[in-house]
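A short write-up of the structure that comes next.
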Amino acid sequence: MKLGDEVTVHMNATPQQVWALVSDVTQIGRYSPETFEGEWLDGATGPAVGVRFRGHVKRNQKGPTYWSKCFVTACEPGKEFSFGVGEPGKAAINWGYRLAPGATGGTDVTEFFELAPKLPMKIYWTLLGWSRGKTNRNGMQTTLERIKEVAETDAATTEGSPHGE
């Protein structure tokens, strides 16, 4: 049983332009239907493996509302940005974005989530995965479509120059 899912959207922007958007957690509120703000912690000002941040979440867009502490697990400009929710070594779920050059240009952007393969998460996913999985898939689709709009607008206004380098 797969404990997660993914959604891919093609964007007419470079991997570097898209990566600059997905790796800036302070801008997540522009894209996510559930996480409406984010902030770097411990004096960090940008992404790097091990850096911590927190996201302000409104679960299912209705509540409850809470802060989730996270830590960066992959930080490869133009390729991947991912993070664990919780403390290092104890993350209940991992989220991220993988970027790949599109077959005809642009970037194929995959947002994914993976639950930790621990018994409580397996039980949760067996019982409620059908519902939460649908919510997550819809949220990832919305997030990626919103990122696409910004990335393609930025790409058009910068005439394809790398963004954020």
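The values are calculated or read from the model by the stated rules, or taken from the named source; none is laboratory data. It should be emphasised that the depicted structure is a prediction, and the values quoted were computed from it without experimental measurement. Here Cβ is always computed from backbone atoms with ideal geometry, including for glycine, and neighbour counts include all displayed protein chains. Ligands, DNA and RNA are excluded from the accessible area calculation, which covers all protein heavy atoms including side chains. Shrake-Rupley method; radii C 1.70, N 1.55, O 1.52, S 1.80 Å.
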(message) I need a count of the residues in segment 24-46 that are part of a loop (DSSP other than H, G, I, E, B) and within 19 Å of Thr143 (Cα to Cα).
(response) 5
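Being closer than 18 Å to Leu21 by Cα and either in contact with a strand residue (DSSP E or B) (Cβ under 7 Å, 6 or more places away or on another chain) or assigned to a strand (DSSP E or B) (or both) is true for just one of Ser68, Ser82. Which residue is that? Spell out how you get there, then give the answer.
On the way: Ser68 fails: closer than 18 Å to Leu21 by Cα.
Only one candidate qualifies: Ser82.
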(request) Kindly check whether there is at least one residue in segment 74-85 that is touching a Gly at 6+ places or on another chain (Cβ under 9 Å), among the basic types (Lys, Arg) and modelled with pLDDT of 95 or more. (result) no
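Looking at Arg132, Arg146, Arg98, can you tell me which residue is touching an Asp or Glu at 6+ places or on another chain (Cβ under 6 Å) and either among the charged types (D, E, K, R) or in a strand (DSSP E or B) (or both)?
Details: Arg132 fails: touching an Asp or Glu at 6+ places or on another chain (Cβ under 6 Å); Arg146 fails: touching an Asp or Glu at 6+ places or on another chain (Cβ under 6 Å).
Exactly one of Arg132, Arg146, Arg98 is touching an Asp or Glu at 6+ places or on another chain (Cβ under 6 Å) and either among the charged types (D, E, K, R) or in a strand (DSSP E or B) (or both), namely Arg98.
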(request) Just give me the residues in segment 70-91 being basic (Lys, Arg) and more than 14 Å from the chain's Cα centre (by Cα), in sequence order. (result) Lys90
(request) With respect to Thr110, determine if the residue is under 15 Å from Met140 (Cα atoms), open to solvent by 70 Å² or more (accessible area, probe 1.4 Å), touching a Ser or Thr at 6+ places or on another chain (Cβ under 8 Å) and of a type in the set (Ser, Thr, Tyr). (result) no
(message) For segment 27-53, which positions are among the acidic types (Asp, Glu) and surrounded by 13 or more Cβ atoms within 10 Å (Cβ to Cβ)?
(response) Glu34, Glu37, Glu39
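Tell me which residues, restricted to segment 86-100, are of a type outside the set (S, T, N, Q) and modelled with pLDDT of 95 or more.
Filtering segment 86-100 down to residues of a type outside the set (S, T, N, Q) leaves 86-93, 95-100.
Within segment 86-100, Trp95, Gly96, Tyr97, Arg98, Leu99, Ala100 meet the criteria.
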(message) For segment 65-104, give me the residue count where each residue is open to solvent by 60 Å² or more (accessible area, probe 1.4 Å) and among the aromatic types (Phe, Trp, Tyr).
(response) 2
(request) Inspect all residues belonging to segment 50-60 and state whether any of them is more than 23 Å from Glu145 (Cα to Cα), modelled with pLDDT of 90 or more and in a loop (DSSP other than H, G, I, E, B). (result) yes
(message) Please go through (1) part of a loop (DSSP other than H, G, I, E, B); (2) open to solvent by 40 Å² or more (accessible area, probe 1.4 Å); (3) in contact (Cβ under 8 Å) with a residue 40 or more places away in the chain for Gln16 and return the number of the only condition it doesn't satisfy.
(response) (1)
(request) Please go through segment 101-124 and pick out each residue that is more than 19 Å from the chain's Cα centre (by Cα), not aliphatic (A, V, I, L, M) and not in a loop (DSSP other than H, G, I, E, B). (result) Gly105, Pro120, Lys122, Tyr124
